[in-house]
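First comes the structure, then the notes that go with it.
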Amino acid sequence: MLLALKQVTKVFNEGTIDEKVALRSINLTLAPGDFVTIIGSNGAGKSTMMNIISGRLFPDTGSVWINGKDVTSLREHERARYIGRVFQDPLAGTAPNMTIEENLALAYNRTKRRTLKFGVTKKRRDFFREALATLHLGLENRLTAKVGLLSGGERQALSLLMATFTKPDLLLLDEHTAALDPARAELVTELTKEIVEKYKLTTLMVTHNMEQALRLGNRLIMMDQGQIIFEASGNEKQSLTVERLLQEFQRIRGSQFASDRAVLG
Ligand SMILES: Nc1ncnc2c1ncn2[C@@H]1O[C@H](COP(=O)(O)OP(=O)(O)O)[C@@H](O)[C@H]1O
Ligand SMILES: [Mg+2]
């Protein structure tokens, strides 16, 4: 297994009036090369799950495993070598006052066990240029441009490159196209597909776009109220439609409400 979440629970503000159970005993395992899309209503716990995998948050109970190793107590920077991540906000993944090549150098060093300090050498620059060219945005000709000058779509494409060009064991995408206009979102989605396929990256992608969730990846999970309420993979996923997903959601939510009512009797 490349990733395993075992009985992961997360409660915010426990014991206060604001108590919120964000994750309820989540179990999830990913085999190498799995590309899992995640959908679910607002507040379902999707980002909390990503934060627990990346080490930004720690679970209250349960454990996180990467490559058969228990990483539950490792902090975010100690897991950074294994994980590439792109957030919803294009401003979150890159440093605006640094140039494109400086940003790439940072991302490159982040994944190294020891930071061998290096300037941007000719060899490194060629490597960056080649990587940037795969985005088809002409950024390879703007290595010394400040990232703050790029559009949201360009920044998000760069974030994606920075998260993946070192071939992390695990790629986490949290609504990374949600802040973009439809054309840019489509472009970044296509790039995502290309990069994940090229490097065969094990990927978890949260999206609010059901169509996208169906089109990409080999597995799909639906979350609601801190739980995984529906899963499909392989042929079953291939034959799913948005309509079916909505029906499934209604059915599960509906029966949950019904059983709650039965319990309350
Ligand atoms: N840092 C936090 N403090 C308190 N509550 C939080 C925090 N982060 C998330 N939550 C709550 O946990 C629940 C799940 O949030 P989140 O994981 O962000 O949902 P999603 O990403 O699926 O929209 C929500 O009710 C949210 O308000
Ligand atoms: Mg979220």
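The values are calculated or read from the model by the stated rules, or taken from the named source; none is laboratory data. Remember, predicted model here, so these are calculated numbers, not experimental data. Cβ placement follows ideal geometry from the backbone for every residue including glycine, while neighbour counts extend to all protein chains displayed.
For the range 158-167, state whether one or more residues are at pLDDT below 90, of a type in the set (Lys, Arg), under 30 Å from residue 52 (Cα atoms) and not in a helix (DSSP H, G or I).
Taking the range 158-167 and keeping what is at pLDDT below 90, we get 165-166.
Applying the additional criterion that residues be of a type in the set (Lys, Arg) yields none.
No, the range 158-167 contains no residue that is at pLDDT below 90, of a type in the set (Lys, Arg), under 30 Å from residue 52 (Cα atoms) and not in a helix (DSSP H, G or I).
Can you name the residue in the range 90-118 that is at pLDDT 90 or above and not in a helix (DSSP H, G or I) and is also surrounded by the most Cβ atoms within 10 Å (Cβ to Cβ) among such residues? By that ranking, first place goes to 94.
Restricting to the range 175-192, name every residue that is under 16 Å from residue 138 (Cβ atoms) and either of a type in the set (A, V, I, L, M, F, W, C) or in contact with a Cys (Cβ under 9 Å, 6 or more places away or on another chain) (or both). Before the answer, list the steps.
Residues of the range 175-192 under 16 Å from residue 138 (Cβ atoms): 184, 187-188, 191.
Of everything in the range 175-192, those that are under 16 Å from residue 138 (Cβ atoms) and either of a type in the set (A, V, I, L, M, F, W, C) or in contact with a Cys (Cβ under 9 Å, 6 or more places away or on another chain) (or both) turn out to be 187, 188, 191.
Restricting 75, 24 to those that are within 24 Å of residue 162 (Cα to Cα) and either touching a helix residue (DSSP H, G or I) at 6+ places or on another chain (Cβ under 6 Å) or among the charged types (D, E, K, R) (or both) reduces the list to 75. One residue stands out among those in the range 55-72 that are of a type outside the set (Asp, Glu) and without any contact (Cβ under 8 Å) to a residue 40 or more places away in the chain: the one that is farthest from ligand 1 (Cβ to nearest atom), which is 69. Taken together, the residues in the range 28-69 that are in contact with a helix residue (DSSP H, G or I) (Cβ under 9 Å, 6 or more places away or on another chain) and either within 21 Å of residue 218 (Cα to Cα) or surrounded by fewer than 17 Cβ atoms within 10 Å (Cβ to Cβ) (or both) amount to 11.
Quick one: is residue 173 not hydroxyl-bearing (Ser, Thr, Tyr) and not in a helix (DSSP H, G or I)? Considered against the rule, which asks whether it is not hydroxyl-bearing (Ser, Thr, Tyr) and not in a helix (DSSP H, G or I), residue 173 comes out as yes.
Okay, residues lined up against (1) within 16 Å of ligand 2 (Cβ to nearest atom); (2) surrounded by 20 or more Cβ atoms within 10 Å (Cβ to Cβ):
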{"residue": "155", "(1), (2)": "no, yes"}
{"residue": "158", "(1), (2)": "no, yes"}
{"residue": "178", "(1), (2)": "yes, no"}
{"residue": "181", "(1), (2)": "no, no"}
{"residue": "194", "(1), (2)": "no, no"}
{"residue": "197", "(1), (2)": "no, no"}
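Look at residue 131 and say whether it is within 16 Å of ligand 2 (Cβ to nearest atom), surrounded by fewer than 22 Cβ atoms within 10 Å (Cβ to Cβ), more than 22 Å from residue 5 (Cα to Cα) and under 21 Å from the mean Cα position of the chain (by Cα). Steps first, answer last, please.
Numbers: within 16 Å of ligand 2 (Cβ to nearest atom): no; surrounded by fewer than 22 Cβ atoms within 10 Å (Cβ to Cβ): yes; more than 22 Å from residue 5 (Cα to Cα): yes; under 21 Å from the mean Cα position of the chain (by Cα): yes.
No.
Looking only at residues of the range 171-217 that are among the acidic types (Asp, Glu) and touching a residue at least 24 places away in the same chain (Cβ under 8 Å), we find that the one that is farthest from ligand 1 (Cβ to nearest atom) is 194.
Scan the range 12-54 residue by residue and report those that are assigned to a strand (DSSP E or B), of a type outside the set (Ser, Thr, Tyr) and more than 12 Å from ligand 1 (Cβ to nearest atom). Explain how you work it out, then say what you get.
Residues of the range 12-54 that are assigned to a strand (DSSP E or B), as a first pass: 12, 20-30, 35-40.
Pick out the ones that are also of a type outside the set (Ser, Thr, Tyr) and you get 12, 20-24, 26-28, 30, 35-36, 38-40.
Selection gives 27, 28, 30, 35, 36.
Every residue in the range 9-23 that is closer than 16 Å to residue 40 by Cβ and either away from ligand 2 (no atom under 16 Å from the Cβ) or more than 20 Å from the chain's Cα centre (by Cα) (or both), please. Listed by number, the residues that qualify are 20, 21. Failed condition for residue 75, given (1) free of Cβ contacts under 8 Å to residues at least 60 places away in the same chain; (2) in contact with a Gly (Cβ under 9 Å, 6 or more places away or on another chain); (3) within 16 Å of ligand 1 (Cβ to nearest atom), with all others met? Residue 75 satisfies all of (1) free of Cβ contacts under 8 Å to residues at least 60 places away in the same chain; (2) in contact with a Gly (Cβ under 9 Å, 6 or more places away or on another chain); (3) within 16 Å of ligand 1 (Cβ to nearest atom) except (3). Candidates 167, 146, 123: the one that is within 17 Å of the chain's Cα centre (by Cα) and of a type in the set (D, E, K, R) is 167.
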